[in-house]
1. Would you confirm whether any residue within region 72-82 is in contact with a helix residue (DSSP H, G or I) (Cβ under 9 Å, 6 or more places away or on another chain) and buried (at least 17 other Cβ atoms within 10 Å of the Cβ)?
2. Taking region 31-46 as the region of interest, how many residues are modelled with pLDDT under 85 and surrounded by 22 or more Cβ atoms within 10 Å (Cβ to Cβ)?
3. Checking residue 109 against (1) closer than 22 Å to residue 39 by Cα; (2) in contact with a helix residue (DSSP H, G or I) (Cβ under 6 Å, 6 or more places away or on another chain): exactly one of these is not met. Which one?
4. Looking at (1) in a loop (DSSP other than H, G, I, E, B); (2) modelled with pLDDT of 90 or more; (3) closer than 17 Å to residue 38 by Cα, which is the only condition residue 194 fails?
5. Which numbered condition trips up residue 100, out of (1) at pLDDT below 90; (2) within 14 Å of the chain's Cα centre (by Cα)?
6. Determine if region 181-188 includes at least one residue that is closer than 21 Å to residue 39 by Cβ and without any contact (Cβ under 8 Å) to a residue 12 or more places away in the chain.
7. Do the conditions hold for residue 143, that is, is it under 15 Å from residue 34 (Cβ atoms), touching a strand residue (DSSP E or B) at 6+ places or on another chain (Cβ under 6 Å), outside the structural domain of residue 20 (by TED's automatic domain parsing) and not in a strand (DSSP E or B)?
């Protein structure tokens, strides 16, 4: 599966040049790429800790500088600290959504539940909120070719047709990123149908 959205290299360059630009590019990437959504929280936490380390280095260097004045350090401290806090807040928000998406994929794809009312009951999320999450997942192609049936109050997710080679042995592999299950031939590597992560059986 081809990488969707903004390439990771552009996101990294954005962070190097100007962290708010990098954060904006990462958010845009997460909106269009399920795999990026699943891993972005960890990346943001690492970047936040790097910024916190830079703050420590910045303050240490300022303290040992001749003619140290508090006013000269405050602006740099505020910029770096606001960046670290913004990254941590974004990480929490993205992780929350990633966990909901992972849970929905597990319920819908792995367990075969299509009733939105049942998904609401299983996740303890109100029906309207579940519907909003599903609409977002469908619009971002996180559930390819899926649709919501208003009449039946269900989410309809077409099952991809899988041809099995009778000569091969297959295992069900759970995607480490999005949680979807897929039958994969032992010894082979295939892409997850939902996020594109590599899956290997046996």
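1. yes
2. Kept after step one, since they are modelled with pLDDT under 85, are these residues of region 31-46: 31-32.
So of that shortlist, the ones also surrounded by 22 or more Cβ atoms within 10 Å (Cβ to Cβ) come out as none.
So the count comes out to 0.
3. Here residue 109 clears every test but (2).
4. (2)
5. (1)
6. no
7. In short, no.
Residues are listed down the side, and each one gets a yes or a no for (1) free of Cβ contacts under 8 Å to residues at least 40 places away in the same chain; (2) in contact with a strand residue (DSSP E or B) (Cβ under 6 Å, 6 or more places away or on another chain); (3) not in a strand (DSSP E or B):
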{"position": "152", "(1), (2), (3)": "yes, no, yes"}
{"position": "165", "(1), (2), (3)": "yes, no, yes"}
{"position": "173", "(1), (2), (3)": "yes, yes, no"}
{"position": "177", "(1), (2), (3)": "no, no, yes"}
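The values are calculated or read from the model by the stated rules, or taken from the named source; none is laboratory data. It should be emphasised that the depicted structure is a prediction, and the values quoted were computed from it without experimental measurement. Note: ideal-geometry Cβ built from the backbone for every residue, glycine included; neighbour counts use all protein chains shown.
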